[in-house]
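Worksheet: one structure, shown below.
The values are calculated or read from the model by the stated rules, or taken from the named source; none is laboratory data. Note that the structure is predicted; figures quoted are calculated from it, not measured. Here the Cβ positions follow ideal geometry from the backbone for every residue, glycine too, while neighbour counts run over all protein chains shown.
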Amino acid sequence: MTELKNDRFLRALMRQPVDRTPVWMMRQAGRYLPEYRATRAQAGDFLSLCKNTPLACEVTLQPLERYPLDAAILFSDILTIPDALGLGLYFETGEGPKFRKVIRTEADVDALPNMKAESDLDYVMNAVSTIRRELNGRVPLIGFSGSPWTLATYMVEGGSSKDFRETKKLAYGQPEVMHRLLDHLADSVIDYLNGQIKAGAQAVQIFDTWGGVLSGWAYEEFSLRYMKKIVDGLIRENEGRRVPVILFTKNGGQWLESIADTGCDAVGLDWTTDIGNARARVGDRVALQGNMDPTMLYAPKQRIREEVEDILSRYGQGTGHIFNLGHGITPEVDPEHAGAFIEAVVELSAKYHQQ
């Protein structure tokens, strides 16, 4: 494999010295970029774009042409696994993802097939290997998956939800059925992420988008337990270096210590958690990723710069911080404001890494 020219992101994940704080954005390849919208129109729709290897590679690389980012992230969707399990993923304009089949009963869970990622999701593996080749060592490539709990919410609800009524009804009323579903999904995620690592992903992130809708005991039982199983099952060394794992639970700030205890290398923070407080709580056990409010990108450029400085100062001196937004960048953001954010991190962070 080509030697990595910029390993700042991987070094920070391992809490090794870096010259400045690395930065990337969740959903950095997305609708806020006019070039992305043009490529998506060429593909026809979102799912077709995900499954078109050359175009998925193209949109993955687009933000790197604009900005001095320190990582690329695979362009795909968190719901590829349920789709491969036969639920029939489709997208309604303005309504988000939906499934033609839902999981509501023990018989529904028993009927789920055993997924083989390298064949059932070969288009993802092809995208990973193609992107990795085209990056040519420029920056590392991040692979990702949804967490078992987050995938289960979509599978049980049949799409997005405001109250997760059906999912919680299953979890609280028939916990043994929910556990069988989550166990099946955890095995699928392990297979999926290991396939991405073998195809060339150099770090992986698990998106637990909906773990934060659970109470404390339920989070431990239905979400964190299965993310720990995944962490334990992943390939952690490849191509002669460690493959770091990032866990990101939106609204998970109250559980940082438990998340850090899973064996992950980094914890992603949303914007509701003070990063200085988070660092004081988890110490040097894990790196921290985050955590500017994405809507700050609607503010004037000078205000964005001030917010970057504030977050850097709250984290303080030393390595172990990967700058990111607290969730994905939103479609209406001006690309110049995203650029101002990234430039501020690049320009302001070096002083926090002086030996």
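Okay, residues lined up against (1) surrounded by 19 or more Cβ atoms within 10 Å (Cβ to Cβ); (2) closer than 25 Å to residue 278 by Cα; (3) not basic (Lys, Arg):
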| site | (1), (2), (3) |
| --- | --- |
| 158 | no, no, yes |
| 166 | no, no, yes |
| 195 | yes, no, yes |
| 204 | yes, yes, yes |
Restricting to the range 272-294, name every residue that is over 13 Å from residue 252 (Cβ atoms), assigned to a helix (DSSP H, G or I) and in contact with a strand residue (DSSP E or B) (Cβ under 7 Å, 6 or more places away or on another chain). 275, 279, 294
Checking residue 20 against (1) of a type in the set (Lys, Arg); (2) farther than 22 Å from residue 345 by Cβ; (3) buried (at least 17 other Cβ atoms within 10 Å of the Cβ), only one condition comes out false. Which one? (2)
Residue satisfying condition, being more than 18 Å from the chain's Cα centre (by Cα) and under 18 Å from residue 264 (Cβ atoms), within set 310, 284: 284
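Can you confirm whether residue 348 is of a type in the set (A, V, I, L, M, F, W, C), modelled with pLDDT of 95 or more and either touching a Gly at 6+ places or on another chain (Cβ under 6 Å) or under 27 Å from residue 96 (Cβ atoms) (or both)? Show your work before the answer.
On the way: of a type in the set (A, V, I, L, M, F, W, C): yes; modelled with pLDDT of 95 or more: yes; either touching a Gly at 6+ places or on another chain (Cβ under 6 Å) or under 27 Å from residue 96 (Cβ atoms) (or both): no.
Considered against the rule, which asks whether it is of a type in the set (A, V, I, L, M, F, W, C), modelled with pLDDT of 95 or more and either touching a Gly at 6+ places or on another chain (Cβ under 6 Å) or under 27 Å from residue 96 (Cβ atoms) (or both), residue 348 comes out as no.
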Given the conditions (1) within 30 Å of residue 138 (Cα to Cα); (2) in a loop (DSSP other than H, G, I, E, B); (3) basic (Lys, Arg), which single one is not true for residue 162? (1)
Residue match in the range 134-148 (condition: under 18 Å from the mean Cα position of the chain (by Cα), in a loop (DSSP other than H, G, I, E, B) and under 18 Å from residue 84 (Cβ atoms)): yes
From the list 132, 40, which residue is within 23 Å of residue 193 (Cα to Cα) and among the charged types (D, E, K, R)? 132
Taking residue 76 and the conditions (1) touching a Cys at 6+ places or on another chain (Cβ under 9 Å); (2) surrounded by fewer than 18 Cβ atoms within 10 Å (Cβ to Cβ), which numbered condition does it fall short on, given that it satisfies the others? (2)
Give the residue, chosen from 311, 342, 304, that is farther than 30 Å from residue 225 by Cα, out of contact with any Leu (no Cβ under 8 Å at 6 or more places or on another chain) and crowded, with 17+ Cβ neighbours inside 10 Å. 311
Residue that is farthest from residue 160 (Cα to Cα), among those in the range 24-51 that are among the small types (Gly, Ala, Ser) and crowded, with 17+ Cβ neighbours inside 10 Å: 43
Odd one out for residue 109 among (1) in contact with a His (Cβ under 8 Å, 6 or more places away or on another chain); (2) surrounded by fewer than 17 Cβ atoms within 10 Å (Cβ to Cβ): (2)
Any residue at all in the range 259-270 that is under 20 Å from residue 210 (Cα atoms), assigned to a helix (DSSP H, G or I) and not small (Gly, Ala, Ser)? yes
Identify the residue in the range 159-206 that is touching a residue at least 40 places away in the same chain (Cβ under 8 Å), of a type in the set (Gly, Ala, Ser) and touching a Ser or Thr at 6+ places or on another chain (Cβ under 7 Å) and, among all such residues, is nearest to residue 287 (Cα to Cα). 200
Tell me which of these residue 102 doesn't satisfy, since it passes every other one: (1) part of a loop (DSSP other than H, G, I, E, B); (2) surrounded by fewer than 22 Cβ atoms within 10 Å (Cβ to Cβ); (3) at pLDDT 95 or above; (4) out of contact with any Gly (no Cβ under 6 Å at 6 or more places or on another chain). (4)
Looking at 115, 155, which is the one that is closer than 25 Å to residue 247 by Cβ and in a helix (DSSP H, G or I)? 155
Of the residues in the range 52-62, those that are in contact (Cβ under 8 Å) with a residue 60 or more places away in the chain and surrounded by 21 or more Cβ atoms within 10 Å (Cβ to Cβ) come to 56, 57, 60
Output the qualifying pairs, or none if there are none: Cβ atoms under 7 angstrom, residues six or more apart or on different chains, first residue in the range 277-303 and within 18 Å of residue 324 (Cα to Cα), second residue of a type in the set (Lys, Arg). 287/15; 288/279
Going through 70, 45, 77 one at a time, which residue ends up being under 17 Å from the mean Cα position of the chain (by Cα) and free of Cβ contacts under 8 Å to residues at least 60 places away in the same chain? 77
Among the residues of the range 314-337, is there at least one that is without any contact (Cβ under 8 Å) to a residue 24 or more places away in the chain, surrounded by fewer than 20 Cβ atoms within 10 Å (Cβ to Cβ) and outside any loop (DSSP other than H, G, I, E, B)? no
